[in-house]
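A short reminder: the numbers here are calculations on the coordinates, not readings from a lab. None of these values were measured; they are calculated from a predicted model. Here Cβ is always computed from backbone atoms with ideal geometry, including for glycine, and neighbour counts include all displayed protein chains.
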Amino acid sequence: MTSKQFIASILGLAMTVTGISAMPARALSDDDLAKILFGATALVIIGSAVSRGNDPEPVVVTRPRDPQPRDILPDRRPGRHILPRRCSRTFTLRGGRKLQAYGSGCLVQARARTQRLPQECHFKAINQYGRKVTGYKTQCLNSKGFDVSWR
């Protein structure tokens, strides 16, 4: 029995009892008793019909299954690490040599886990302006399983 049916039954019973208690005290004839029972039965039937009519039919919702899990993008291999594209740059070193790499400072600001990057890919050099630069070589990271951008 749902709560709506229970409330409808209690309401019908309360209305019946209220109607009986408002009558003056006298003996009931068979005709009066039949009227009371007919009225109470009608109230219960109407109450249950109203409560059933308000309940919507349950709707079964089905969704098509994805052929791939959502956490694996179709254009990248599983188990690869992604580095932020904005940190990829070309360093011009002393002597004019160019090096494609990820800057250490940018990776730290981007909250990339630099401690997990392979140390054999780490480099320290002096750029064309005489400043020290540090980073991780792009080709080395790519060969070690990191997704890198080539700008």
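Brief remarks on what is shown
- What the phi angles of the stretch 126-141 give under the Karplus curve with 6.51, -1.76 and 1.60, with θ = phi - 60°, is a coupling list of 10, 7, 5, 9, x, 9, 7, 10, 10, x, 10, 5, 5, 4, 5, 4 Hz, glycine and proline written as x.
- Backbone HN-Hα couplings from phi across the stretch 97-103 [Karplus 6.51/-1.76/1.60, Hz, Gly and Pro as x]: 5, 10, 9, 7, 7, 9, x
- Cα shape, the stretch 82-147, gyration tensor, a/c 1.5 rule: prolate
- Vicinal HN-Hα couplings computed from phi for the stretch 104-121 (Karplus, 6.51 cos²θ - 1.76 cosθ + 1.60; Hz; Gly/Pro x): 5, x, 5, 5, 5, 5, 7, 6, 6, 7, 5, 5, 8, 6, x, 5, 5, 8
- Net charge contributed by nearby residues that have their C-beta within less than 11 Å of residue 117 (K/R +1, D/E -1): +3
- Efficiency of FRET between residue 92 and residue 116 - r from beta-carbon atoms, R0 22 angstrom, step 0.05: 0.20
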